[in-house]
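First comes the structure, then the notes that go with it.
The values are calculated or read from the model by the stated rules, or taken from the named source; none is laboratory data. Values in this document were obtained by computation on a predicted structure and should not be read as measured data. Cβ placement follows ideal geometry from the backbone for every residue including glycine, while neighbour counts extend to all protein chains displayed.
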Amino acid sequence: MPEFSVVLNSVFTMIILLVPGFLFERKRLVPEDFTKGLTNFTLYIAQPFLIINSFLREFDSTILTELGIDMLLGLIGYGVAFVAVCFMFRSMPIDKKGVLRFMIMFCNVGFMGLPILKSIYGPDGDLAVMYATGVIACHNVLTWTVGVRLICPSEKGKGFKSFVNPGIIACLSGILLFVTSAASFLPKFILDVSSQLSGLATPLAMYIVGAHLAHFNFKDLFKSWQLPFAVIMRLFITPLLIFACFYLIKLTNILPSNSMLLAVPYLQFCMPAASVTTMMAQRYGGDPIYASAGVSVSTLLSMVSIPIMSLLLAFL
């Protein structure tokens with residue numbers, strides 16, 4: 001189990017990595033669409049290769065079973081969050097209510113979660129990323145089904161094509177490479193390319209987070225009490241509810257004795273609001289400015305909340 005000092009060091013590393021993005025965007029040292037292009041590169045190349053690279057290892061049926069367990073734990077975590085949000089913000093306008101419910105339920109399990117997990121677990125970072133793909137798969141499917149209905153109850157979603165995305169493709173490709181032990185016969189230059197592209201994911205993701213924070217207006221936070229409350233729900237209360245559920249599961253002793261099984265999905269659910277919140281609000285009739293404020297402030301405060309919530313890892 002990672003120690004508190006290790007988590008704190010990793011979070012400080014992430015803070016330093018987001019400074020260049022914040023400064024370059026704030027001082028307008030890059031073209032207007034630079035961050036958008038960098039985001040596309042990270043989403044479609046760097047992050048998928050971070051996932052794929054974690055699967056480039058000799059096949060182990062135990063790891064595959066544990067990956068399935070983490071996927072089930074992901075469904076349990078999202079189930080807890082969904083039940084919680086169903087009772088909130090009932091009297092609010094629908095365009096804001098859906099945004100708040102979405103940002104509480106869906107957190108940044110991939111874009112921020114993977115770099116932080118890789119940093120926290122050090123030598124075992126690739127294995128942590130591999131386990132994390134179970135929650136990412138749940139996230140990608142639920143975002144485009146349950147998430148769409150949260151923001152716009154009348155929307156039926158876009159069907160199968162909506163959640164066939166780089167994250168899902170990378171997960172499926174990685175599993176195929178893993179079960180065939182592809183790392184043992186692929187040419188070294190391919191393995192090197194995969195490794196180097198995966199190494200770009202962390203600094204690029206943090207640069208982009210910093211660039212988005214540069215546009216955050218703190219006045220947006222205090223326009224209503226509901227937004228700060230939703231941020232507290234996202235960073236503290238929802239992770240606590242999920243922790244309680246995971247702790248009860250641990251007490252049953254039905255899981256294999258692998259400390260990562262519960263720790264990795266728990267840490268993922270401690271992440272700030274998903275960056276896709278703003279896009280989903282824009283696309284399905286929510287309030288994108290409200291969504292952007294929620295994502296920004298939860299991302300900023302997560303640098304404090306993640307180390308605090310990681311103290312509970314000692315009980316998992």
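Side notes on the structure shown:
- Residues that are outside any helix (DSSP H, G or I) and under 17 Å from Met14 (Cβ atoms), drawn from the range 179-205: Leu200
- Taking the numbered list (1) touching a Cys at 6+ places or on another chain (Cβ under 9 Å); (2) at pLDDT 90 or above; (3) of a type outside the set (Val, Ile, Thr) in turn, Leu56 passes all entries but (1).
- Among the residues here, Leu261 does not qualify as assigned to a helix (DSSP H, G or I), surrounded by fewer than 17 Cβ atoms within 10 Å (Cβ to Cβ), over 14 Å from the mean Cα position of the chain (by Cα) and at pLDDT 90 or above.
- Just one of the listed residues (Ile94, Ile76, Ile15) is under 22 Å from Pro288 (Cβ atoms) and out of contact with any Leu (no Cβ under 9 Å at 6 or more places or on another chain), and it is Ile94.
- Meets criteria (in contact (Cβ under 8 Å) with a residue 60 or more places away in the chain, within 26 Å of Asn9 (Cβ to Cβ) and surrounded by 19 or more Cβ atoms within 10 Å (Cβ to Cβ)) for Ala137: no
- For the range 225-249, a tally of residues being in a helix (DSSP H, G or I), free of Cβ contacts under 8 Å to residues at least 12 places away in the same chain and either of a type in the set (Phe, Trp, Tyr) or touching a strand residue (DSSP E or B) at 6+ places or on another chain (Cβ under 7 Å) (or both) returns 1.
- So Phe216, is it among the aromatic types (Phe, Trp, Tyr) and either buried (at least 18 other Cβ atoms within 10 Å of the Cβ) or part of a helix (DSSP H, G or I) (or both): no
- Qualifying residue in the range 42-57 (condition: assigned to a helix (DSSP H, G or I), touching a Gly at 6+ places or on another chain (Cβ under 6 Å), more than 28 Å from Tyr207 (Cβ to Cβ) and aliphatic (A, V, I, L, M)): no
- Beta carbons closer than 9 Å, at least 6 apart along the sequence or on distinct chains, pair a first residue in the range 260-286 that is under 17 Å from Gly134 (Cβ atoms) with a second that is of a type in the set (Asp, Glu) and assigned to a helix (DSSP H, G or I) for Met260/Glu66; Met260/Asp70; Met260/Asp124; Leu261/Glu66; Leu261/Asp70; Leu262/Asp70; Val264/Asp70; Pro265/Asp70.
- Test: residue in the range 180-200 that is at pLDDT below 85 and either among the aromatic types (Phe, Trp, Tyr) or in contact with a strand residue (DSSP E or B) (Cβ under 7 Å, 6 or more places away or on another chain) (or both): no
- Unique match (being surrounded by fewer than 15 Cβ atoms within 10 Å (Cβ to Cβ), among the β-branched types (Val, Ile, Thr) and out of contact with any Lys or Arg (no Cβ under 6 Å at 6 or more places or on another chain)) among Thr278, Thr252: Thr252
- Answer residue from the range 264-291, given it is within 13 Å of Ala230 (Cβ to Cβ) and hydroxyl-bearing (Ser, Thr, Tyr) and is nearest to the chain's Cα centre (by Cα) among those: Thr277
- Filter result (at pLDDT below 85 and of a type in the set (Ser, Thr, Tyr)) within the range 150-179: Ser154, Ser162
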